[in-house]
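Okay, so here's the structure we're looking at.
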Amino acid sequence: MSRQAYRGAVFHLLADPDDAGPEAVCHYDDGVLIVEDGIVVEAAPWSESTLSALGGVPVEHFPGKLIVPGFVDAHVHYPQLDVVAAPGGPLLEWLSRYVFPAEERYGHREVAQEAAHFFLDRLLQSGVTSALVFATAHKVSAEALFEEALARNMRILSGKVLMDTNAPPGISDTAETGYMESKALIREWHEKGRLGYAVSPRFALTSSPRQLELAGRLLAEHPGVLLHTHLSENLGEIAAVHRAFPDCPDYLAVYEKFGLVGNRSVFAHAVHLTEAEWGRFGKAGTAVAFCPSANLFLGSGLFDIAAAAKSGAAVALGSDVGAGTSLSPFAVMADAFKVCRMKHHPIDAFRLFYLAGLGAAKALRIDSYVGNFAPGKEADFVVLDAAELPLLARRLAGARKFSEQLFARAILGDERAVARTYVAGRRAYARKVAAPPV
Ligand SMILES: [Zn+2]
């Protein structure tokens with residue numbers, strides 16, 4: 001048995017702050033997180049009696065730093081790291097001009113391995129300990145990511161992309177091979193360590209009706225796996241979906257037709273849903289990944305968080321790199337705030353941290369394992385400071401309330417705000433301290 005205590009300011013959310021109000025917020029200026037064998041024992045205020053109760057348990061002290069749960073990215077493409085910040089074109093043009101050629105290389109194991117290694121290192125550097133990740137249509141691209149995530153003991157969800165239509169041959173499968181390869185990957189990787197599988201048709205335009213039907217079959221045959229795809233991101237895409245599926249009254253109806261809309265489904269974007277779609281979306285218990293940075297970068301539109309909240313759908317933040325421009329949850333939170341502001345529905349710091357943490361864990365159905373410091377959860381956590389961000393440090397010093405400090409962290413932070421990242425109680429990243437000037 002190995003016990004360890006971490007002392008510092010501690011913050012986590014016990015519930016959705018929109019539902020539970022102040023009761024959802026747990027914050028100790030001087031607190032302690034106690035971890036045993038990678039599992040949270042408790043988060044509590046620090047006191048001298050804590051010290052004596054801990055007996056000989058080693059205590060690591062982080063004065064002036066804030067300990068928070070590991071962040072969760074609800075939608076990201078690891079094979080798109082090489083086309084991040086590629087200029088030009090709305091969604092469909094951007095996909096064919098930059099993304100599809102880049103994804104072709106992921107049929108080579110060594111390319112996929114190197115990128116998976118780099119990607120997971122960058123997630124940890126950004127304080128992200130869990131994510132729902134698109135691979136490519138190559139089986140080996142999913143295998144490489146699972147192997148690397150298993151080696152790091154990270155709670156990562158992914159799957160090979162299903163894509164048999166409107167795509168170059170180098171990144172296509174067929175309805176049948178897509179089904180068989182997905183099945184083999186589920187058998188090998190789902191629930192291995194902390195990994196999980198997501199059946200991943202890219203979106204309605206790149207799968208034949210037969211492939212979508214088989215994706216529905218995969219879901220029905222494997223009750224624990226997720227469905228991960230894109231929905232209603234861009235107006236040109238929506239018009240093309242109407243042309244491709246004239247028998248379906250709207251975009252969501254295409255996925256409904258094939259049994260892909262339910263409480264294990266995570267749809268990225270949902271920027272242009274109609275009121276009728278939102279109504280059905282929420283009723284199905286579906287989750288949406290709100291990807292503000294990507295929506296701004298591709299000019300897709302502004303997500304309507306008020307409509308999402310009204311629908312009852314679970315909402316989470318996704319970086320959506322490479323359309324998104326940063327893996328840092330701080331960059332995504334800052335863009336989320338601005339998009340919500342543009343939609344006349346500004347959100348507070350607790351909401352932002354919820355969407356990037358516990359709320360995202362709920363959307364991905366992993367909240368019984370991660371998302372906060374409830375006793376028994378896996379000890380994924382991040383130590384934040386402002387030592388490398390002088391503007392943030394100055395702003396924090398002037399903030400009167402904790403909520404104001406937290407908001408400044410969300411808006412002004414980036415990966416330099418992450419001093420350390422722990423995965424299941426093990427230190428997985430430590431920021432290098434810059435040498436003092438001579
Ligand atoms: Zn995406």
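The values are calculated or read from the model by the stated rules, or taken from the named source; none is laboratory data. Note that the structure is a prediction, hence the values are computed from the model and not measured. Using ideal geometry, Cβ is built from the backbone for each residue, glycine included, and neighbour counts are taken over all protein chains shown.
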Only one of 32, 41 is under 20 Å from residue 361 (Cα atoms) and of a type in the set (Val, Ile, Thr), namely 41
Expected single match for polar (S, T, N, Q) and within 16 Å of the ligand (Cβ to nearest atom) among 4, 80 is 80
The residue from 284, 309, 393 that alone is surrounded by fewer than 21 Cβ atoms within 10 Å (Cβ to Cβ), at pLDDT below 95 and more than 16 Å from the ligand (Cβ to nearest atom) is 309
Q.
touching a strand residue (DSSP E or B) at 6+ places or on another chain (Cβ under 9 Å), in contact (Cβ under 8 Å) with a residue 12 or more places away in the chain and over 20 Å from residue 305 (Cβ atoms): is that true of residue 419 in this structure?
A. yes
Checked 276, 356, 294, 334 against criteria (within 16 Å of the ligand (Cβ to nearest atom) and modelled with pLDDT of 95 or more); the one match is 294
Counting only helices (runs of 4 or more DSSP H) wholly inside the stretch 320-419, the ones holding at least 3 residues that are closer than 30 Å to residue 93 by Cα and not hydrophobic (A, V, I, L, M, F, W, C) are 329-342
Checking 266, 315 in turn, the sole residue that is away from the ligand (no atom under 14 Å from the Cβ) and buried (at least 24 other Cβ atoms within 10 Å of the Cβ) turns out to be 315
Taking first residues from the stretch 283-303 that are aromatic (Phe, Trp, Tyr) and second residues anywhere that are part of a strand (DSSP E or B) and surrounded by 22 or more Cβ atoms within 10 Å (Cβ to Cβ), the pairs with Cβ under 6 Å that are 6 or more apart or on different chains are 290/315; 290/317; 303/290
*Yes/no for residue 177 being of a type in the set (Val, Ile, Thr), at pLDDT 95 or above, in a loop (DSSP other than H, G, I, E, B) and out of contact with any Gly (no Cβ under 6 Å at 6 or more places or on another chain)*: no
When restricted to 143, 103, the only residue farther than 22 Å from residue 328 by Cβ, charged (D, E, K, R), within 15 Å of the ligand (Cβ to nearest atom) and in contact (Cβ under 8 Å) with a residue 24 or more places away in the chain is 103
Residue pairs within 6 Å by beta carbon, gap of at least six or interchain, first lying in the stretch 1-13 and over 15 Å from residue 65 (Cα atoms), second buried (at least 21 other Cβ atoms within 10 Å of the Cβ) and of a type in the set (Phe, Trp, Tyr), listed first then second, are 13/354
* To do: Kindly indicate whether any position in the stretch 100-107 is closer than 25 Å to residue 297 by Cα and acidic (Asp, Glu).
  => yes
Taking the stretch 228-284 and keeping residues charged (D, E, K, R) and in contact with a Leu (Cβ under 7 Å, 6 or more places away or on another chain) leaves 233, 237, 264, 277, 280
Selection over the stretch 19-35 where residues are surrounded by 15 or more Cβ atoms within 10 Å (Cβ to Cβ) and either of a type outside the set (A, V, I, L, M, F, W, C) or more than 18 Å from residue 420 (Cβ to Cβ) (or both) yields a count of 6
Output yes when any residue across the stretch 201-213 is of a type outside the set (Gly, Ala, Ser) and in contact with a His (Cβ under 8 Å, 6 or more places away or on another chain), and no when none is.
yes
